[in-house]
1. Among the residues of region 86-99, is there at least one that is over 30 Å from Glu47 (Cα atoms), more than 13 Å from the chain's Cα centre (by Cα), assigned by TED's automatic domain parsing to the domain that holds Leu57 and not in a helix (DSSP H, G or I)?
2. Considering only residues that are of a type in the set (Val, Ile, Thr) and either in contact with a strand residue (DSSP E or B) (Cβ under 6 Å, 6 or more places away or on another chain) or assigned to a helix (DSSP H, G or I) (or both), which ones fall in region 35-67?
3. In this structure, is Ala132 within 30 Å of Ile30 (Cα to Cα), surrounded by fewer than 14 Cβ atoms within 10 Å (Cβ to Cβ) and of a type in the set (A, V, I, L, M)?
4. Given the conditions (1) more than 19 Å from Lys43 (Cα to Cα); (2) within 13 Å of the chain's Cα centre (by Cα), which single one is not true for Tyr125?
5. Looking only at region 104-138, which residues are assigned to a loop (DSSP other than H, G, I, E, B) and either under 21 Å from Pro38 (Cα atoms) or among the basic types (Lys, Arg) (or both)?
6. In region 137-150, how many residues are surrounded by 11 or more Cβ atoms within 10 Å (Cβ to Cβ) and out of contact with any Asp or Glu (no Cβ under 9 Å at 6 or more places or on another chain)?
Amino acid sequence: MPKAVKTKKKITKVKKKKISKTKEVLKASIKISKTYIPKETEKYMCEKHKLYFRIKLQEWRRELVKANNEALYNGSMDDNSISADIVDQASSYTDKNVEMKAINRQIKLISEIDKALIRIKDETYGYCLDTAEPIGLKRLMARPVAKYTIAAQEKHEKDEKVHADD
């Protein structure tokens, strides 16, 4: 390879590194107040929006993990009280079953939160996975893990219902 081509490649690599470092510095310097709420007047999924949703998702994830840990700990503490009464045993079993279903739902939600955080990182958060259209701030505020626009979500649910009937 000619020397000029090698030098040009090196310069291009250096420029790319500088640009990516500049982007990192810009991202790091953006701060929002605790009372900040994304506005429709701002550019959709600007850095402030992404930071807001990242913080919201991380806090939600922390709360769910804490609640799950407490539920699992408290559930394991109840195992010591075995009743002789069959009705009490059945009631206890039912309670534990309901609690475990709730924990499983929360674990799935934690997984959805993790996926949303990855979408924020790879710049696809806030856009429908089917149509690539903006999901909308109101929908994301209500359901931060939303992956689809309302129309696409309804289509998915309809398709699921059709396949469930098969």
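The values are calculated or read from the model by the stated rules, or taken from the named source; none is laboratory data. A quick note: this is a predicted structure, and the numbers were derived from the prediction, not measured. All Cβ positions, even for glycine, are placed from backbone atoms using ideal geometry, and neighbour counts span all protein chains on display.
1. Within region 86-99 (the criterion being over 30 Å from Glu47 (Cα atoms), more than 13 Å from the chain's Cα centre (by Cα), assigned by TED's automatic domain parsing to the domain that holds Leu57 and not in a helix (DSSP H, G or I)), the answer is no, since none of the residues qualifies.
2. Result: Ile55, Val65.
3. Yes, satisfied.
4. With (1) more than 19 Å from Lys43 (Cα to Cα); (2) within 13 Å of the chain's Cα centre (by Cα) applied to Tyr125, the lone miss is (1).
5. Answer for region 104-138, where residues must be assigned to a loop (DSSP other than H, G, I, E, B) and either under 21 Å from Pro38 (Cα atoms) or among the basic types (Lys, Arg) (or both): Asp122, Glu123, Thr124, Tyr125, Gly126, Cys128, Ala132, Glu133, Ile135, Gly136.
6. 7
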